[in-house]
Amino acid sequence: MTRWLRAIGGRTDAEPAEVHRETIRVAGLSDAVFAITVTLLVLEIRPPGGDVDLLHGLVALWPSYLAYAVSFLFIGQVWANHHVMFDHIRAADRVVLLLNTLLLMVVAFLPFATSVLAEALRSGHEQRTAVVFYGIAFVVTALMFNATWRYAHRHRLVGDTLGPAGAKSIGRRFQLALAWLVVGTVLGALLPALGVALIVTFNVFYWFPIRGEGPRPRP
């Protein structure tokens, strides 16, 4: 009888039910990583030392201020869009946990990439390499975002409060982010200032809400 019931349900002992977990702990860990990462950004700005004039030394740190602001705003909008994503992902399996962990790993790497960019802008050496390195970190972040959302949507881990139009809009926005950052990185290899400018405009655009991102009202 037990075997017959399992056969009707489409499962056997060799095929256990997939384990899905609530996402509250995923969001909690993610928020902690985001908070620590933005805090580490400011630690990369070193106060001027030696016998240089303090005002001159502080002004000369403008590349560090620029890199700090761009990275802080980028991580902030990643955090905001991460919330949008996990507002709708209602269950997490092992793959979602892995993809989110890889996303957080890249986010935690951004303070180092920021320090590399700031040093290159300050010294004037290897700026193309630094901008490409910085852009690649952003590209991988967007890549992991797309992978997480597409997997969750394809495997029906997204709640039914999000309509098809909203899901499509979120997916398109994440895909555009990846394309935008790839273009910015490539152009940064040719003109570093243009690459940084594209990343700055990316930050501005992605603070705007996504159409249909909110849950549908229940009947």
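Is it the case that some residue within region 66-74 is touching a Pro at 6+ places or on another chain (Cβ under 9 Å) and modelled with pLDDT of 90 or more? Within region 66-74, one or more residues are touching a Pro at 6+ places or on another chain (Cβ under 9 Å) and modelled with pLDDT of 90 or more. Residues that are buried (at least 20 other Cβ atoms within 10 Å of the Cβ) and β-branched (Val, Ile, Thr) within region 111-131 comprise Thr114, Val131, listed in sequence order. Within region 88-110, can one find any residue that is farther than 23 Å from Ala167 by Cα, buried (at least 22 other Cβ atoms within 10 Å of the Cβ) and of a type outside the set (S, T, N, Q)? Within region 88-110, one or more residues are farther than 23 Å from Ala167 by Cα, buried (at least 22 other Cβ atoms within 10 Å of the Cβ) and of a type outside the set (S, T, N, Q).
Please find, within region 55-69, the residue that is surrounded by the fewest Cβ atoms within 10 Å (Cβ to Cβ) out of those that are closer than 20 Å to Phe133 by Cβ and among the small types (Gly, Ala, Ser). This residue is Ala69. Of the residues examined, Ala193 is not one that is assigned to a helix (DSSP H, G or I) and over 27 Å from Ala67 (Cα atoms).
Tell me which residues, restricted to region 154-190, are part of a helix (DSSP H, G or I), among the polar types (S, T, N, Q) and more than 15 Å from the chain's Cα centre (by Cα). Correct list: Ser169, Thr185.
Looking across region 33-61, the residues that are free of Cβ contacts under 8 Å to residues at least 12 places away in the same chain and in a helix (DSSP H, G or I) come down to Ala35, Thr39, Leu54, Leu55, His56, Gly57, Leu58, Val59.
Scan Tyr206, Tyr151 and give me the residue that is modelled with pLDDT under 90, under 20 Å from the mean Cα position of the chain (by Cα) and either on the phi < 0 side of the Ramachandran plot or exposed (fewer than 13 other Cβ atoms within 10 Å of the Cβ) (or both). Step through it out loud before you land on a result.
Values: Tyr151 fails: modelled with pLDDT under 90.
So the residue among Tyr206, Tyr151 that is modelled with pLDDT under 90, under 20 Å from the mean Cα position of the chain (by Cα) and either on the phi < 0 side of the Ramachandran plot or exposed (fewer than 13 other Cβ atoms within 10 Å of the Cβ) (or both) is Tyr206.
Identify all residues within region 122-138 that are in a helix (DSSP H, G or I), over 13 Å from Leu187 (Cα atoms) and without any contact (Cβ under 8 Å) to a residue 60 or more places away in the chain; write none if there are none. Across region 122-138, the qualifying residues are Ser123, Ala137. Would you say Thr141 is assigned to a helix (DSSP H, G or I), buried (at least 20 other Cβ atoms within 10 Å of the Cβ) and in contact (Cβ under 8 Å) with a residue 60 or more places away in the chain? So Thr141 passes the test. Exactly one residue out of Leu187, Leu191 is crowded, with 16+ Cβ neighbours inside 10 Å, among the hydrophobic types (A, V, I, L, M, F, W, C) and within 18 Å of Ala120 (Cβ to Cβ): that is Leu187.
What are the residues in region 4-40 that are modelled with pLDDT of 50 or more and not hydrophobic (A, V, I, L, M, F, W, C), if any? Quick ask: steps written out before the conclusion?
We begin by selecting, within region 4-40, every residue modelled with pLDDT of 50 or more; these are 18-40.
Correct list: Glu18, His20, Arg21, Glu22, Thr23, Arg25, Gly28, Ser30, Asp31, Thr37, Thr39.
Against the condition in contact (Cβ under 8 Å) with a residue 40 or more places away in the chain and closer than 22 Å to Gln77 by Cα, how does Val196 come out, does it pass? Taking the combined requirement at face value, the residue satisfies it.
The values are calculated or read from the model by the stated rules, or taken from the named source; none is laboratory data. This one's a predicted model, so the numbers in the text were calculated from it and none came from an experiment. When we count neighbours, we look across all protein chains shown, and the Cβ atoms used for this are built from the backbone with ideal geometry, even at glycine.
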